[in-house]
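S.K.: I'd like to ask you about the structure that follows.
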Amino acid sequence: PSVNVVSILSLPLPELSKKLRDGSLPLDHVFYAYVGKALQITTETNCITEYLQESEAQLRKAKLSGKQGLLYGVPVSIKDSIDCQGHDSTMGFIKYLNKPAAEDSVVVQVLRRQGAIPFVKTNVPQSLISYDCKNLIFGQTRNPLLYTKTPGGSSGGEGALVGGGGSILGIGTDVGGSLRFPAAFCGICALKPTGNRLSKRGIMSGIVGQKAVAAAVGPMAKDVESVALCLRALLSEDMFSLDSTVPPLPFNEEVYSSTQPLRIGYYETDFFTMPSPAMRRAVRETKQLLEEAGHTLVPFELTNVDHVIFNFCIGGMFADGGTSFVKKFNGEMEKVGMGLFFSLAKSPHWLKTLLSWIAKPFVRSISFYTVDEVWSLHHEIEDFCHQFIAQWKKLNLDVMLCPMLGPALGIGYPGKLSVAVSYTMLYNALDFPAGVVPVTMVTDEDEEELKGYKGYYQDWWDRTLAKAFHGSVGMPVAVQCVALPWQEELCLRFMKEVETL
């Protein structure tokens, strides 16, 4: 009764961690404040899959040892697909139940060495290849801000828990927007680093072996400073010694704390997925504030995004015609939200040929690629990346301001709208660091303007997306902040600038 839980839960991570390290806040007060809040949020949203009982023993050990890392005593939530010793990483598949991980993933090992206390694992969509959050084991996770909306995915449980205040720091993964969707939909911040900036050892993958689209592991929190503190803690000697494939690049404080004016590229649309009125307004208002603060904003024109999404992203991920991915579902009772994809992946070649006349790029992208075609695809991706960087350098840009899909879609819609990942997946294909910062909320005017939403193709997908956006007044809308590969600190510095403004 004497513990002021509300004041503990209101502290931002840098302040909380400082109070834990200097002893002005007892570890168990903080731990049980978050356990209680997490229980409340998962009762409302169904976001937690498992309580890590050993966290209580770790808490007692931390109090006795007095050994302090940057995240000493901080309770951290972990996405289902990230291995924690003695616990399942199911990816929403029944077949992976009761198959506990033999050891912690490298990221979890480093968190523990930095004093953090992983205390829960969180829900994901079946297979991870979705930006909704539902499976047959744990069911549907809901958005903590509006229960009829999805929290996003695949790190959807993390988004719901952190967004609802039940965790101060979450760790998720991203192969097409899986950190950024939940952050944007639930009104928090997240960073998708360059694919190999943080170790992926001990992390389950939805699609094994594909190299076309770079997966990444990254932090989610209420504010940018908290995300930066997590990255600072993870980019330690422990990370580099536990996984020698990770380049030994410690956190660059000088870049992050710089106040030099930035030269910022921006665009309002990718000309593939038409932005909602709130998305477009979010970019425009952020651009204006950045200009007023003394930064230079330069228009950047995207081209051929449809080609990138269908050929590089979907084609590269499913270059075997989706065969290995479909095999993962053998023995599962249901393929949650994957109906269209499964129908196409299992179709005979003659039917795909026929269907390709109706929806050519999508059908072709999940056809079987020959070895020569795969090599050609990789060369194309490399060429596209070099061309993109050349355009970036020609404009002398530091960072890029981009739209982020939003507001949160209604539950069930992401399964029908796989092509709407265009704004996020582009930066997995390029392997650029990309962060999300909430900047505004949907207004009545946005909702009214949405009635005229037609989309660029005016097809079934565009009509469905218009329906999915509706009923979102008061929901958060974010922007993406992007930097060149390995420049996470510059990306975070830009995110901090946007958040402050």
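The values are calculated or read from the model by the stated rules, or taken from the named source; none is laboratory data. No experiment lies behind these values; they were computed from the predicted model shown. We place every Cβ from the backbone using ideal geometry, glycine too, and count neighbours over all the protein chains shown. All accessible areas refer to the heavy atoms of the entire protein, side chains included, with ligands and DNA or RNA removed. Shrake-Rupley method; radii C 1.70, N 1.55, O 1.52, S 1.80 Å.
S.K.: Go through (1) closer than 30 Å to Arg142 by Cβ; (2) in contact with a Lys or Arg (Cβ under 9 Å, 6 or more places away or on another chain) for Thr42 and report which single condition fails.
M.R.: Unmet condition: (2).
S.K.: On to the next question. Residues in the range 62-81: is at least one free of Cβ contacts under 8 Å to residues at least 24 places away in the same chain and either under 30 Å from Gly474 (Cβ atoms) or assigned to a helix (DSSP H, G or I) (or both)?
M.R.: Just the residues of the range 62-81 that are free of Cβ contacts under 8 Å to residues at least 24 places away in the same chain, to begin with: 64-66.
Remaining after also requiring either under 30 Å from Gly474 (Cβ atoms) or assigned to a helix (DSSP H, G or I) (or both): 64-65.
Yes.
S.K.: Does Ser24 satisfy the condition of being farther than 19 Å from Ser77 by Cα, assigned by the TED database to the domain that holds Arg232 and of a type outside the set (Val, Ile, Thr)? Before you say what the answer is, go through the steps one by one.
M.R.: Details: farther than 19 Å from Ser77 by Cα: yes; assigned by the TED database to the domain that holds Arg232: yes; of a type outside the set (Val, Ile, Thr): yes.
It is true that Ser24 is farther than 19 Å from Ser77 by Cα, assigned by the TED database to the domain that holds Arg232 and of a type outside the set (Val, Ile, Thr).
S.K.: Tell me, yes or no, whether the range 478-492 has at least one residue that is in contact with a Leu (Cβ under 7 Å, 6 or more places away or on another chain), within 13 Å of Pro275 (Cα to Cα) and in the same structural domain as Tyr427 (by the TED database).
M.R.: Looking for residues that are in contact with a Leu (Cβ under 7 Å, 6 or more places away or on another chain), within 13 Å of Pro275 (Cα to Cα) and in the same structural domain as Tyr427 (by the TED database), one finds at least one in the range 478-492, hence yes.
S.K.: From the set of residues in the range 40-61 that are part of a helix (DSSP H, G or I) and in contact (Cβ under 8 Å) with a residue 40 or more places away in the chain, which is surrounded by the most Cβ atoms within 10 Å (Cβ to Cβ)?
M.R.: Per the criteria, the residue is Thr45.
The rows are residues; the columns are (1) within 27 Å of Val477 (Cα to Cα); (2) open to solvent by less than 20 Å² (accessible area, probe 1.4 Å); (3) touching a Ser or Thr at 6+ places or on another chain (Cβ under 9 Å).
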| site | (1), (2), (3) |
| --- | --- |
| Val227 | yes, yes, no |
| Leu242 | no, no, yes |
| Tyr256 | yes, no, no |
| Thr273 | yes, yes, yes |
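S.K.: So, in the range 94-113, how many residues would count as being under 18 Å from Gln53 (Cβ atoms), open to solvent by 50 Å² or more (accessible area, probe 1.4 Å) and part of a helix (DSSP H, G or I)?
M.R.: 1
S.K.: Then there's this: Quick one: count up the residues across the range 230-248 that are under 22 Å from the mean Cα position of the chain (by Cα) and either farther than 15 Å from Lys200 by Cβ or in a helix (DSSP H, G or I) (or both).
M.R.: Qualifying residue count, the range 230-248: 6.
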